[in-house]
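All remarks here apply to the structure that follows.
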Amino acid sequence: MIKLLNIEFKKIRTYKVFWILTGLYFVFLAAGILLAEFMINHMVNDINKRMPIPLPHVAIYYFPDVWQNVAFFASIRYVLIFPAIIMIILITNEFTYKTIRQNVINGMSKTEFLVSKLLIILLMAMVMTLVLAAGAFLIGLSHSGFSEVDFFSKGVPFMAGFFISLICYMVYAFFCGFMMRNTGLAIAIFTLYSLIIEPVVYFFLRAPFMFNNSIYTYLPVNTVIRLTEYPAIPMLKKIMGLNLQDHVSFVACMIPITYAAVMIGIVFLVMKRKDL
Amino acid sequence: MEIILNVENLSKSFGKIKAVNQLSFEVRKGQVYGILGPNGSGKTTTLSMLLDLIPPDKGEFSWFGQPPSKESRKRIGSVIESPNFFPYLDAVTNLEIVADIKDKPYDDIPEVLQLSGLYERRFSKFRTYSFGMRQRLAVASALLGKPEVLILDEPTNGLDPQGIAQIREIISLVASRGTTILLASHLLDEVQKICNYVLVLRKGIMLFSGNVKEVLAVSDFIELSSSDMQGLIAAVREFPGFSSFNETDGLIQVHFSKVVNTAEINTFLYQKGILLSHLVDKKRSLEQHFLELLQDNP
């Protein structure tokens, strides 16, 4: 395990593309989270121009709701796509540079190769979740002060949910990269599917059941980004009649985990049978 | 001698094409074993199967008397087709990854870099290397951890004469240390210069295998002429080991099934009362033999 991680770390340690994309991810993440409140209130202002009774401005970064809201904004497609693209590049590079062949020739088993990639997914998801949790804590502190009683009740469930989202989404990306073997093709297909095809399909499936969040759509990417279904904004509950979740449901987690598990199974089978 | 590699009835098809067909051979410790064949004869497919890159359709092979495993591959250094390294990593990091996989210490890295003449450029990224340097780094990585077997697939392909000489020098040095070498090549003189055993492959089928020197000896023929051609032909037929002859322009070319020397023949014919006016021992080059083997087996 340590040996495999050490090898993976050598492969990325001086790889600029990896660090640039990771940096961009954190920049987009921070920008998204910090701008979310501003953008919501901008919308509220617009609505208020046409409403006789003005809506109050919302605050979303106080404890304990900050955990849920940060998890929600960190799981939107446009942010989550970064770690996925990083993962696609890391796996397709191995095919492009034929280093997967060389690794096997040199005495790595095919299983070890796949395990090393899954380990790097696990490690990246851990680091990214810890960074997000630290960020959420700081944002929460700066918005709530020290008078709050309930700091952490939503911390563990929503951060764990985000961790599962990251792992599953990166496994999807890994699957796509492994099957395509070509960096450009894999990124194009994955991005197209995640950002365009699935939202369109989702829209048509969802439309008849508008605002009924008990209907799960089983689309792979959707199940990942919907672990945190809605941001915790009390006003939403009043206006739209949403039942706000106070935890991430176990059933909801099992859906993307099942997808990811099936994909990993396929990857192992293909690796065993196909020529390198 | 200890058997390093044993291959039995190895077969692999790609669609309708039989890339490797019922191939069997064995490589013993210390041999420099050449697999010779034109492009597309199944050399790389064979080596890829032996290194677990391609699962064979049929047949078996064993390394060091054991079924193939990642542990056996760690005892083998290989260069298959092109050098495969991360272009954005320097030579040292690329070699460290190889050493990590092989469970070998990093101590060998400076030595193999020096041997391949890349020590000065060891912190340059792989993508900045010239074609020849890349090939030498591949050989350097194959030599990491002092492997018991070295597998080289067309190691001098596409190199300039200087590059070819450098690679061959390294191979000779490694062979002189007693490392078993398995070399695939389409170049006859390369096999002739480097190898002591050869297997000739065409369209996935083994045409011939044996000691390189024996190949040359068996391919001998002797040219004879005499004023009494009828008597000569009659007499030479009685020579032990005679197999066939062709008559052309007042000469006969006589083939034998074993190694003969001209003195023996001369004495034999003299005793039969035949005086020779022409006696030449013609050794065909391996190249001629190779081309004939390919032609004889359409």
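Bear in mind these aren't lab numbers, they're just calculated from the coordinates by the rules spelled out. This structure is a prediction, so every number in the text was calculated from the model and none was measured. Neighbour counts run over all protein chains shown; Cβ positions are idealised from the backbone, glycine included.
Working note: Karplus 6.51/-1.76/1.60 with θ = phi - 60° gives region A:257-269 the couplings 5, 5, 3, 4, 5, 4, 4, 4, x, 4, 4, 5, 5 Hz, where Gly and Pro are set to x.
What is the P(r) of region B:43-96, as percent of Cα-Cα pairs per 10 Å bin from 0? Pair shares across the bins are 19, 44, 28, 9, 0. Region B:46-167 has equivalent-ellipsoid semi-axes of 26, 17, 12 Å, by the square roots of 5 times the alpha carbon gyration tensor eigenvalues, sorted largest first. The alpha carbon centroids of region B:1-36 and region B:131-186 are separated by 20 Å.
Near B:LEU152, the amide H atoms lying under 5 Å from its own belong to B:VAL79, B:LEU182, B:LEU183, B:ALA184; only residues 5 or more places off or on other chains count, and H is placed 1.01 Å from N. Over the residues of chain A, the helix contribution to mean residue ellipticity at 222 nm works out to -24500 deg cm²/dmol, using -39500 (n - 2.57) for each DSSP H run of at least 4. Could you calculate the FRET efficiency of A:ALA31 with B:ASN9 from 1/(1 + (r/R0)^6), where r is the beta carbon distance between them and R0 is 45 Å, rounded to 0.05? Computed FRET efficiency for A:ALA31 and B:ASN9: 0.10. As a calculated quantity, the FRET efficiency between B:SER24 and B:ASP57 at R0 = 22 Å, using C-beta atoms, amounts to about 0.90.
Taken about its Cα centre, the protein assembly as shown carries a charge dipole of roughly 1300 debye when the Cβ of each Lys and Arg holds +1 and the Cβ of each Asp and Glu holds -1. The Cα atoms of chain A define a convex hull whose projected area, averaged across directions, is 16.5 nm².
Against chain A, whose longest principal axis is taken from its Cα atoms, helix A:2-13 shows a tilt of about 80°. For region B:1-78, what mean projected area does the convex hull of the alpha carbons give, in nm²? Reported value for the Cα convex hull: 5.3 nm². Relative to the longest principal axis of the Cα atoms of chain B, the long axis of helix B:262-271 makes an angle of roughly 10 degrees. Here the spin labels are modelled as points 7 Å beyond Cα on the Cα-Cβ line, and at B:SER172 and B:SER130 they lie 2.1 nm apart. For region B:3-215, a Kirkwood hydrodynamic radius built from all Cα pairs, placed in the Stokes-Einstein relation at 4 °C and 1.567 mPa s, yields a translational diffusion coefficient of 74 µm²/s. The spacing between region B:223-242 and region A:98-145, judged by their C-alpha centroids, is 82 Å. Taking amide H as placed 1.01 Å from N in the peptide plane, B:LEU201 has its amide H under 5 Å from the amide H of B:LEU36, B:GLY37, B:LEU207, each at least 5 places away in sequence or on another chain.
May I ask which residue of B:PRO55, B:LEU188, B:SER41 lies farthest towards the positive end of the charge dipole of region B:3-215, with charges of +1 (Lys, Arg) and -1 (Asp, Glu) on Cβ and the Cα centre as origin? Projecting each Cα onto the dipole axis, the largest value belongs to B:SER41. Note on the protein assembly as shown: Rg/Rh from C-alpha atoms, Kirkwood Rh, equals 1.20.
Restricting attention to chain B, close to 65% of DSSP beta bridges with both partner residues there are antiparallel. Using the empirical formula 2.2 N^0.38 Å as the baseline, the Cα radius of gyration of region A:122-178 reaches a ratio of 1.41. The simple spin-label model puts a point 7 Å past each Cα toward its Cβ; for A:ILE76 and B:ALA234 those points are separated by 10.8 nm.
Using alpha carbons only, how many degrees (0 to 90, rounded to 10) separate the axis of helix B:131-143 from the longest principal axis of chain B? Compared with the principal axis, the helix lies near 90 degrees. Put in line by how crowded their Cβ is, counting other Cβ atoms within 10 Å and starting with the fewest, A:CYS168, B:CYS195, A:CYS253 read A:CYS253, B:CYS195, A:CYS168. Placing a label point 7 Å from the Cα of B:TYR119 along the Cα-to-Cβ direction, the residues of region B:96-111 whose backbone N falls under 11 Å from that point are B:110-111.
Residues whose amide H falls under 5 Å from that of B:PHE221, counting only those 5 or more places apart or on a different chain, are B:LYS282, B:ARG284, with hydrogens built in the peptide plane. Once the C-beta distance of A:VAL262 and A:VAL44 is scaled by a Förster radius of 51 Å, the resulting FRET efficiency is 0.75 to the nearest 0.05. Taking 7 Å steps out from each Cα toward its Cβ at B:LYS146 and B:SER225 produces label points 5.9 nm apart.
Using the Karplus relation 6.51 cos²θ - 1.76 cosθ + 1.60 with θ = phi - 60°, the per-residue 3J(HN,Hα) values for region B:106-119 come to 7, 4, 6, 4, x, 5, 5, 5, 5, 4, 8, x, 10, 4 Hz, with x marking Gly and Pro.
When DSSP beta bridges are restricted to pairs lying wholly in the protein assembly as shown, around 65% turn out antiparallel. Which whole number in µm²/s is D for region A:1-140 by Stokes-Einstein, with the Kirkwood Rh taken over Cα pairs at 25 °C and 0.890 mPa s? Diffusion coefficient, whole number: 138 µm²/s.
Placing one equal scatterer on every Cα of region A:64-128 and applying the Debye formula, the log10 ratio I(q)/I(0) at q = 0.16, 0.24, 0.25, 0.28 Å⁻¹ is -0.66, -1.05, -1.10, -1.20. Relative to its Kirkwood radius, the Cα radius of gyration of region B:220-282 gives an Rg/Rh of 0.90.
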